[in-house]
Amino acid sequence: MTNSFEVKIIETKPFEGQKPGTSGLRKRVTEVMKENYLGNFVQSIFNVLPEDKLKGSTIVVGGDGRYYNKEAIQLIFQIAAANGVGKILVGKNGLLSTPAISAIVRARSALGAIILTASHNPGGPKGDFGIKYNMSNGGPAPESITNAIYKQTTSITQIKSATNVHVNDLGTLSTHQWNDGKFIVEVIDSADDYVSLLKTIFDFDGIRNFVKNHPSFTFNFDAMSGVTGAYGKRIFTDELGIPESSLINCIPSEDFNGGHPDPNLTYAPLLVKKMNNGEFDMGCASDGDGDRNMVLGKRFFINPSDSVAVIASNYKAIPYFNKGGLKGLARSMPTSAALERVATQLNVPFFEVPTGWKFFGNLMDAGTLSICGEESFGTGSDHIREKDGIWAIICWLQILTHHNQSTNDDKGFVSIEEIVKQHWSKYGRNYYSRYDYEEIDTAPAEAMMKHVSQQIDSKELVGKKFTGISDHITYEVASCDDFEYKDPIDHSVSSHQGLRIIFTDGSRIIYRLSGTGSTGATVRVYFDKYETQPSQLNNDVQTHLKSLIHIALVEISKLNHYTGRNEPSVIT
Ligand code: G6P
Ligand code: ZN
């Protein structure tokens, strides 16, 4: 078929507020649907990419399937063709998880990717839309690029668009050409490249045998009506032999079936309830675009900080790490310190970075980081440059497989809870919790942060002693700061990344303002207390942290006084 297109110029004017945040541009669909709004942003991306690289390049396009993605994809085809892109690889039905896109960019040496997702934010006509650009390493564009894109959006006057470029059927694997093959759209399988990569990391046969030899092992995966629905059956059932009936909410929906596709204790209540009732041995979920994960054991919550620590300490169970070794481990600053106990014992380099996945990418590209994680349900490794929900879930299946090499149903099997408890008895336990105070007015939230930062700046906190209201322990402040990160690879400096108070026993209190909220300010307070006493390893988290929480909320920050809030909106 000989399709052809011509380039037409659309005159336009800038829209305010097109500054990409931590994970791209996220806006209400209603705003994005305004004429030229999205076109302006997409053209601004292409304006920033060097013309010689753009010419004939391959760009990957796909997203989490939320409302307005389909229209956005056609628009991207038109603007990409007019700007000299040679080939677009688009996921079947426009669906590609964020980790799969990262894998495809790397596998196919693409110039980059345009990812259509607002991650775990609700979707639908009244929900959010999101768009972000990833680089040729498969990772999110650094700030220098996102700032340049933003700058373009503030002065844009023209959008270049190709006439006659439209792919009616994105549901069939197919190739479409225009202008004698100068522009090609290839509809690719959403899972193929990603599954091939996972097979080089894990021992799929081993996991399959574990599942087969333990018919009583029950598993539940909740795709939360997000994009991983398109991967669930292929990976868990076809590849790993887990019954399809164990997979729920696996039909990607434009509004996530009215839900909030964020795998945590608040937004995945049904899964949490089933796990608390003891219905399954392993429960797991991932978010709208498939980069976050939550893994649960029977009547047992694994906080994400422990999850990455257990994965790292069991690295030999995972062929990819067993073969290549651990180059280094890293966590974001507010994530519990559990991971560095592992790094210390294994004697591997350890990095503490600010919140945000992009900080891990440089370390990975420099070959100094293998496994990393964040408290916000993000876990991943250097196999790609995004966090990876399904990867984390398979890590746990692989670890279960490893710990159960010599068990079968007659003997029972080593459970997730036992694996985590073994970890605590070897490394000690970091009791950890995060309190979120959402939708606070910006002024009081900032006043509270200022009250804490003044105590840090004046150094009055160092050496100060607090007596725990419930454990009667003396907590003495060893150090405190406003966290600043110097990237060891590109030497860039990121300041004001959270207020950090560290006590002489290693306990930590951290205060941060969220970088992802959409209305007002969200204050996050993180509590981390380390225990090694065998008699103290199995306590209730909130009870165990009561004194530290009181010191943080009442004695140091006066949170209630500043914000008027008595209770957090979310406790993790
Ligand atoms: C996104 C990023 C994560 C980051 C999180 C922090 O999900 O991808 O890397 O941890 O935002 O959100 P916050 O609201 O705490 O700034
Ligand atoms: Zn996400």
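Where in the chain lies the longest segment free of GluC sites (Glu not before Pro) that are both loop residues by DSSP (not H, G, I, E, B) and have at most 15 other Cβ atoms within 10 Å?
Of all site-free stretches, the longest is 36-278.
Tell me, what ³J(HN,Hα) does each residue in the range 562-572 have, in order and in whole Hz, if you take phi through Karplus 6.51 cos²θ - 1.76 cosθ + 1.60 with θ = phi - 60° and put x for Gly and Pro?
7, 9, x, 8, 8, 10, x, 6, 9, 10, 10
Taking neighbour Cβ counts within 10 Å as the exposure measure, how do SER57, SER136, SER332, SER425 sort from fewest upward?
The fewest-first ordering by Cβ neighbours comes to SER425, SER136, SER57, SER332.
Starting from 0.36 nm per residue, how many nanometres of slack lie between GLU186 and SER109 once their C-alpha separation is accounted for?
Here the segment from GLU186 to SER109 would lengthen by 26.2 nm.
Taking amide H positions as placed 1.01 Å from N in the peptide plane, with prolines and chain starts having none, which residues 5 or more places from GLY21, or on another chain, fall under 5 Å of its amide H?
Hits under the 5 Å cutoff: ARG26.
Once fully extended, how much extra length lies between ASN137 and MET33, figured as 0.36 nm per residue of separation less the alpha-carbon to alpha-carbon distance?
Full extension of this stretch gives 34.4 nm more.
When the distances between all Cα atoms of the range 5-71 are binned every 5 Å from zero, what whole-number percent does each bin get?
3, 11, 21, 25, 22, 14, 3, 0
Between GLU51 and ASP490, what's the calculated FRET efficiency when r is the beta-carbon distance and R0 is 25 Å? Round to 0.05.
The formula returns an efficiency of 0.50 here.
If I fit a long axis through the Cα atoms of helix 192-201 and take the longest principal axis of the Cα atoms of the chain, what angle between them do I get, 0 to 90°, rounded to 10?
Helix 192-201 sits at roughly 30 degrees to that axis.
Angle between the Cα long axis of helix 389-403 and the longest principal axis of the chain, 0 to 90 degrees, nearest 10?
Between helix and principal axis, roughly 50 degrees.
Rounded if a/c is under 1.5, else prolate if a/b beats b/c, else oblate: with a ≥ b ≥ c from the C-alpha gyration tensor eigenvalues square-rooted, which is the range 14-128?
Judged from the Cα gyration tensor, the range 14-128 comes out oblate (a/c at least 1.5, b/c at or above a/b).
Quick one: what Rg and Dmax do you get for the range 194-426 from the alpha carbons, in Å?
Rg, Dmax (Cα atoms, Å): 16.5, 48.
Given a Förster distance of 25 angstrom, what is the FRET efficiency for SER425 paired with LEU346, based on the Cβ-Cβ distance and rounded to 0.05?
It comes to 0.90.
Test of understanding: what is the full-extension gain from GLN158 to LYS199, defined as 0.36 nm times their sequence separation minus their Cα-Cα distance?
Gain on extension, GLN158 to LYS199, equals 10.3 nm.
Residue by residue, what Karplus-based ³J(HN,Hα) values in Hz, rounded to whole numbers, does the range 373-378 have, using 6.51, -1.76 and 1.60 with θ = phi - 60° and x for Gly and Pro?
x, 10, 5, 7, 6, x
Using 21 Å as the Cα-Cα cut-off, could you pick out the over-long pairs in LYS273/LYS426; LYS53/LYS132; LYS132/LYS486; LYS316/LYS426; LYS126/LYS233?
Cα-Cα > 21 Å for LYS273/LYS426; LYS132/LYS486; LYS126/LYS233; rest within.
Non-local amide H neighbours of VAL60 (under 5 Å, H modeled in plane, Pro and chain starts lacking H): which ones?
For VAL60, the qualifying residues are LEU89, GLY112, ALA113, ILE114.
Counting DSSP beta bridges with both partners in the chain, what percentage is antiparallel, nearest 5?
The answer is about 70 percent antiparallel.
Under 20 Å Cα to Cα from LYS464, which lysines show up? Leave out anything in the same chain fewer than 8 places away.
LYS450, LYS529, LYS546, LYS558
I'd like the orientation of helix 204-213 relative to the chain: the angle between its Cα long axis and the longest Cα principal axis, in ° from 0 to 90, rounded to 10.
Once rounded, the angle reads 60 degrees.
Give, rounded to the nearest 20 debye, the magnitude of the charge dipole that the chain has about its Cα centre when Lys and Arg contribute +1 at Cβ and Asp and Glu contribute -1 at Cβ.
Dipole magnitude for the chain comes out near 340 debye.
Report, in whole Å, the centroid distance computed from the Cα atoms of the range 449-471 and the range 119-183.
Centre-to-centre distance over Cα atoms comes out at 47 Å.
Would you grab the residues whose amide H sits under 5 Å from the one on ILE248? Only those 5+ places off in sequence or on another chain, please, with H modelled 1.01 Å from N.
Amide H to amide H, under 5 Å and 5 or more residues apart or across chains, ILE248 pairs with PHE221, ASP222, ALA223.
Applying 1/(1 + (r/R0)^6) with R0 = 25 Å to the Cβ-Cβ distance of LYS126 and ASP441, what FRET efficiency is obtained, to the nearest 0.05?
0.60
Tell me, what HN-Hα J-couplings in whole Hz come from the Karplus equation 6.51 cos²θ - 1.76 cosθ + 1.60 at θ = phi - 60° for each residue of the range 122-136, using x for Gly and Pro?
Values per residue, Gly and Pro as x: x, x, x, x, 9, x, 9, 10, x, 8, 9, 10, 10, 8, 5 Hz.
What does the C-alpha gyration tensor say about the overall shape of the chain? Classify as rounded when a/c is under 1.5, otherwise prolate if a/b is larger than b/c, or oblate.
Judged from the Cα gyration tensor, the chain comes out oblate (a/c at least 1.5, b/c at or above a/b).
Bear in mind that the values in this text are calculations on the coordinates, not laboratory data. Worth saying up front: this structure is predicted, and the values here are computed from it rather than measured. Cβ coordinates were reconstructed from backbone atoms using ideal geometry, including for glycine residues, and neighbour counts include every protein chain displayed.
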